[in-house]
Structure formats: structure tokens, C-alpha cells
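In what follows, a structure is listed as C-alpha cells, so that the remarks can point back to it.
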Amino acid sequence: MTMNARPNRLLIVDDNEMNRDMLARRLARKGYVIGLAENAKGLLERVKQDSVDLVLLDIEMPEVTGLDALKTLRQHFSPAELPIIMVTAKTQSDDIVTALDLGANDYLTKPIDFPVAVARIGTQLSHKQAQEALKESEERYALAARGSNDGLWDWSLAADVVHFSPRWKSMLGYQEDQIGDRPEEWFDRIHDTDRERVKEEIAAHQKGLTPHFESEHRVLHKDGTFRWMLSRGVAVHDASGNTLRMAGSQTDITEGKVSDPLTGLPNRLLFIDRVGRLLKHTKRRKDQLFAVLFLDLDGFKMINDSMGHQIGDQLLLGVASRLEKCLRSSDTVARLGETFTVARLGGDEFTVLLDDIKDPSDAKRAADRMMKALAPPFILGGKEVFTSVSIGIALSNSAYEQPEDILRDADTAMYRAKSQGKARYEVFDADMRASVMARLQLENDLRHALERGEFRNFYQPIVALVSGEIAGFEALLRWQHPTRGLLGPIEFIPVAEETGLIRELGWWNLREACRQISEWRAGVDAHAHLTMSVNLSAKQFLQPNLVEDIRKLLVELALPPKALKLEITESTVMADPTAAVEMLQQIKSLGIDLAIDDFGTGYSSLSYLHRFPLDTLKIDRSFISGMGDDEEGMEIARTILPMANNLQLDVVAEGVETIQQVAFLKKLQCKYGQGYYFSRPLSAEGTTALLAEDLAWQAPVQTK
């Protein structure tokens, strides 16, 4: 990479997260910008979207193989345009030869020799840059030939005079004699927001920091509107390096800049601009009311994934057409007038701007109308495809200062509509604003809670049902919030997962639990058998350094690995069973026991579970609580327990609350129980006191 060029963007495609992460970190240190993909689905779109310079593509992947992905990419990019280096674990030459025949530029074999990898990547990028430089040079010479479509300019810096071609002037609505030859004729017409940036881009090219000048910016048209222009040019220098002149072209890119390429509707840029203009207008006219509607298709991802992107694009085109027809229909126009804008923001998100409505109910009626318009099936690829839409409505008011604010509130209302069951609309109101602000406050508080030491572990006993003695504990996280008191996990874990804070939070939970059980085991000989169960979130489970961090923690605390049990949910392991098996085996190699938590609420497939190196199943409390009331809970327990025993898995029944449940579980040879029948989750101090009582729960239980 040259010093002044942008960093090269590499995309690593590998279904093994550990391999991806290791290679990504090492290449990032070399100055590359790294993108990661766990499979080859949608790889073409990813390459285009991220402007990828080189792809490292694993050959062996499930569903879409590296060779299939290579074929697809080569249909759109030549080896010079997009270098692709294949990565294979095989020593045989068959796959490598096939890949090279299909257009791969080079290959690497696992385990990857990193210096060799860096050298090969550098070679391919150098070839690409040389080709691009040649292409750019050819494009410069072709610029003048495009004068019939583009405006041309030639700037003599010594005389400070610019020759603007007639086409350059007419693009802005002027006749030949209406624009002079001073640089200010150009710069003064550039939008205030863009002007300094354009001057900086010109200066950078004159100093030799860029191979050519290229800038997208807004220029004022004679009619008072701004047009988006693409200006390109090259500088000529004297022997001392001083710039003598610059020459180039101007292209009107307004249509492409402000319209969605798929549907032809206005895009986010134009929509935001129109909302911004209306906001300024309503500041002057207090009686004017407008509405922004944010639409999101329900189930679009499933349609796109199951039927393909081509069908997905056809659906989006059909939706755009119906929305416009619906709003243009005679009775709608009679209520709303002609002033409305339908835009596509991206993906399956559409927005509608209703200008100058008479009453808030007009926006609701328009939402109803659009939902009905999208209800009939779309005929795509010879099949009926159904979709519905969730709509959020935000009404204009004097509090809005920026167009993004009202769009954000419409988006918030749309998510409320989705959470209320989809295929409906919601109007943004003060309660929603309060909810949003409360959520933002919670997220902010959560970021500071770890620093302030506000988290606590509570511990719930896990009891051996035969002896009635405590076998161990489950560490359950609580938050001692400074103003809201003690919060359970349901109050903050979802936010922690969305923000990524769950990694730090989960590690604190694990470390503190290990420290505490180490203390209890060392205190009294009778407690030396106690174990500690700790929940592992999906994001923690995927961290490549997790196993090594746990190993170091056990060594630091001198805690036997068998004293720790890690609990993982079914959904975590089933998201990627192959990668999960590998990670579980690594954890298992430390000597730690593994448990599937909340069994029965997810995939509940014992045929899958035998593939995993598990020790324990924890039956979800919903099945245990049903034991005393109906036969269903009993039948599920009767099914799970014998099968788990056959797989040599211990079973912990969660949510045990009655002596009848204990008796039934013992009859089915369930080994352990956990629930309020034995004890609520207790603080560390409360648990220490409980252990000091030397309790054993036997039937009938004595009330204390």
C-alpha cells in the first residue's frame, strides 16, 4: 500500500470464526482494513457494498462452497479487478487446480504461513493497482472526448482564469455569455457545506497527494435548486513541481445521487432534503401540518433468503408501484392533495412524506390505505407471494429541528408496531418518546455500571434430590442500580446483548463466580465438593480467546476445572453446530463440565445433542411448573429424563417449587433440582449463611 492511498480492504470468508479472527488481527496489524464473513451467502453484494480490494476465500464451507462463490464472483469481476486467493486445508492439488482454472489468482494452504500470505496478498494488490493506474490514465485521456455530454473546464492558475465550455454553463441553466472566466464563478456556486471540502480536494491533487482530482458536490442552478455534480480533472506541473494548470470535466449526477437505483423512487438523501425544507417552511407557517410515515415489510428477509434476491427485488418493485398508485388514487388525492413523496431508504424500508395534511387522522387513513394496497398477493416467478407492512407515523411539531429527528421518531413508532404484532401502524407519542429516552438512559447507566462496581452475583442452590444436600450453585447476575434498586437480568441483559456490553458483563459474572466458589470450597472441608454453574452468552461463546482466558482464571484461583460448569442455551450451539462442537471440545479439554440450559424451549433435539460433549441437561422451568397441573409437563419429563440417562447426561430440573414435583422427579431418577422449593437466589452473604446451616432437604420439608 502506498502511504497516501486509502488502506486496502480485504474480505476474509471462512466458516471457522477462530481462523477468521486470528488472520484478521494479524492482517490488520499490517495496515489492511478487514471485513469478515462466516459464509459465502450474499458474497457478491458484500464485495460490491464494501468496495473490497481482495478476497481470501476458504474452499471448504457448508451450503455455498468456496469454489461456487468463486464462480459467481468471476461472472462479475475479472482477476485484475478483484484478486481472489483461495484458502484450503487440503494438501491435495485437485481443489487448488480447479480453483485456478476457475480464475483464482493464487492460493494458501492451512495452517497458513503468515509471511507467505502477506507476500502473496501484496503481490496481488500491486498487480491490481498497476491495472487501475493504467485504467485511470486511459480515462483521463477520454475525458475531453466526452464533452458532448459533460461540461469541460480548463483552469490556468498563473492567470487565475478558467475556461468553462458552453455545456458546463448550460448544465447550470446559463447562456454562454452569462458566466465569466473567474474561478469564483464555480466556487461561489458550490453549496456552503461542500465548498471548503472541494477546495481541499483540489489542493490535495495539486500537491501530488492524489493521482487525480475527483469530487462530488452540489452546485447552484439558475432556477435556485442545487444539482449534484461530479467534477474530475488532472493537474499539469512544471519541473519544480508547481501547478501550471488543471483541466477536467463536470457531470450531472443528480438523478443517480437522489434516486434509488432499484425502484427509481427518491432515496434517503432526497427524502431528508424534502423533509428539511418542510421543517423550515412550518417554522414560518405554524398552522401547516405534515407527517412522515416509516414503512418496513414484515417477513421480507425470509422471502429474500428462501426465494432469492431476484424475487426479493421484484417484490420491492411491486411494493413501490402499489404505494405510489395507492397515494395517487382519486379519493386519496382529494384528501391529501398532490403533495406527497414516496421514498426507499434501503433494504425493505420505505418512507412517505404527506405534505400539508388537514388533520392527524389523514395520516392514519393513508396508513390504512397502504396496508390494504399491499395485502393482495404479488405474483413473482409464477408464485403467489404475500407480505404485510408495519408503519410508524410521526407528525410535525415545532420541537423538531432536524429532519433526521422526525424520521427517527417515525422509525421508533414502526418498531413499536412490529412489537405489537406487525401488519399495523402506530403513531409516535410522548409515551414512546419517554420509552426511548428511558432506554437510552438505561444503556448509558449500563456502560458506567461495571466501572462503578454495581453488579452483584446471586447464587441459587442446585440440590442432589436423593440426598437433599447442596451439590452446587448457579451464579445469577443482578444489577444494584443507584436509583432503581436491585434489577433482575430481564431488565438489562437484552440491552447488554444489543450493545455488545454482554462480553464484559459476562466475564465479570464468570470471574466473580469462580472467585466465590473457590473461597467457599477452601473454607470448610465439607464444601470442597461444591460446583459453580455460570451462564455463557452467545457473544461470549464466540470469542476466540475465551478458552485461554478461562484456563488462566482457573490457574490464578487454583480452582479445579471440575468445580466449574458452563451453561449454554440450545440456540447458541444450534446457530452453527459445527463451530459449536469445536468450541465445546476446546472448553471440555480444560476439564470443565458443560450443560445445555433451558432445554425444551428451543430445538430440543436429542439427536443433535449426542454430537456435543455435554455433561448435563437443565430442563426448563415451564415444564416442571406444569407437572402438578396437567399431564403435558409430566409427559415431557417422562420423555426427556430416560433419553438423557441413556446419553449419560445428568439432569437438573429448574423451577422446582413443590414437594410433589420433587417426588415425581426422584421417581424418574432426575439427579438434581433447583428452584424456590429449596431456596431463592441469595446474595453471597446469604449463601454463606445458608451453607453454615448444613441444610439437607428431605420430604416432608419443615417450614423455617
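The values are calculated or read from the model by the stated rules, or taken from the named source; none is laboratory data. What you see is a predicted model; the values in this text were computed from it and never measured. Backbone-built Cβ (ideal geometry, glycine too); neighbour counts: all protein chains shown. Note: areas computed on protein heavy atoms with side chains; ligands, DNA, RNA excluded. Shrake-Rupley method; radii C 1.70, N 1.55, O 1.52, S 1.80 Å.
Distant-in-sequence amide contacts of residue 190, defined by a placed amide H-H separation under 5 Å and a gap of 5 or more residues or a different chain, comprise 220.
In loop segments of region 1-80 as defined by DSSP, the GluC sites (Glu not before Pro) with at most 11 further C-beta atoms inside 10 Å of their C-beta are 63. The angle separating the long axis of helix 430-452 from the principal Cα axis of greatest extent in the chain is about 70 degrees. Taken as Cα centroids, region 338-381 and region 209-255 sit 39 Å apart, rounded to the nearest whole angstrom. The 3J(HN,Hα) values that the Karplus relation (6.51, -1.76, 1.60; θ = phi - 60°) gives for region 291-298 are, in residue order, 9, 10, 10, 10, 10, 9, 5, 8 Hz. Gly and Pro appear as x. For the chain, the longest principal axis of the Cα atoms and the long axis of helix 631-646 meet at an angle of about 80 degrees. Rolled with a 1.4 Å probe across the full set of protein chains, the surface gives residue 236 an accessible area near 70 Å². Here the 3J(HN,Hα) profile of region 582-593, calculated from phi with Karplus coefficients 6.51, -1.76 and 1.60 at θ = phi - 60°, is 5, 5, 4, 5, 5, 5, 4, 5, 6, x, 7, 7 Hz, Gly and Pro shown as x. Think of a 1.4 Å ball rolled over the protein heavy atoms: the chain then has 50 Å² of accessible area per residue. Among the listed pairs 562/671; 325/383; 588/618, give every one whose C-alpha distance is greater than 21 Å. Exceeds cut-off: 325/383. Distant-in-sequence amide contacts of residue 157, defined by a placed amide H-H separation under 5 Å and a gap of 5 or more residues or a different chain, comprise 245, 246. Between the helical axis of 360-373 and the longest alpha-carbon principal axis of the chain there is an angle of about 80 degrees.
For the residue pairs 283/364; 222/283; 30/301; 30/257, alpha carbon separations beyond 31 Å are given by 30/301; 30/257. Within the set of other residues whose C-beta is less than 13 Å from the C-beta of residue 377, count the net charge using Lys and Arg as +1 and Asp and Glu as -1. The answer is +1. Our coupling estimate for region 183-195, obtained by passing each phi through the Karplus curve with A = 6.51, B = -1.76, C = 1.60 and θ = phi - 60°, is x, 5, 4, 8, 4, 5, 8, 6, 3, 3, 5, 9, 4 Hz, Gly and Pro reported as x. Taking Cα centre as origin and charging only the Cβ of basic (Lys, Arg, +1) and acidic (Asp, Glu, -1) residues, the dipole magnitude of region 130-274 rounds to 180 debye. Summing charges over neighbours of residue 345, with a neighbour being any other residue whose Cβ is under 10 Å away from its Cβ, gives -3 when K and R count +1 and D and E count -1.
Cα gyration tensor of region 406-487, axes a ≥ b ≥ c as square roots of the eigenvalues: rounded (a/c below 1.5), prolate (a/b > b/c) or oblate? Since a/c reaches 1.5 but b/c is at least a/b, the shape of region 406-487 is classed as oblate.
Take every Cα pair under 8 Å whose residues are at least 6 apart in sequence, average their separation, divide by the length of region 270-405, and the relative contact order is 41 percent. Classification of the chain by its C-alpha gyration tensor yields a prolate form. The axis ratio a/c (a ≥ b ≥ c) is 1.5 or more, and a/b outweighs b/c.
Dividing the summed helix terms, -39500 (n - 2.57) for each DSSP H run of n ≥ 4, by the number of residues in the chain produces a 222 nm estimate of -13500 deg cm²/dmol to the nearest 500. Size of region 159-280 from its Cα atoms: along the principal axes, largest to smallest, the extents are 52, 34, 27 Å. Seen from residue 283, the other residues with C-beta closer than 13 Å to its C-beta sum to a net charge of +3, counting Lys and Arg as +1 and Asp and Glu as -1. Would you please classify the overall shape of region 204-244 from the alpha carbon gyration tensor, given that a ≥ b ≥ c denote the square roots of the eigenvalues, rounded means a/c under 1.5, and beyond that prolate means a/b larger than b/c while oblate covers the rest? Because a/c hits 1.5 or more and a/b exceeds b/c, region 204-244 counts as prolate.
Relative contact order of the chain, please, whole-number percent, based on alpha carbon pairs below 8 angstrom and at least 6 residues apart. Here the relative contact order equals 7 percent.
Taking every alpha-carbon pair under 8 Å whose residues sit at least 6 apart, region 61-128 reaches a relative contact order of 36 percent.
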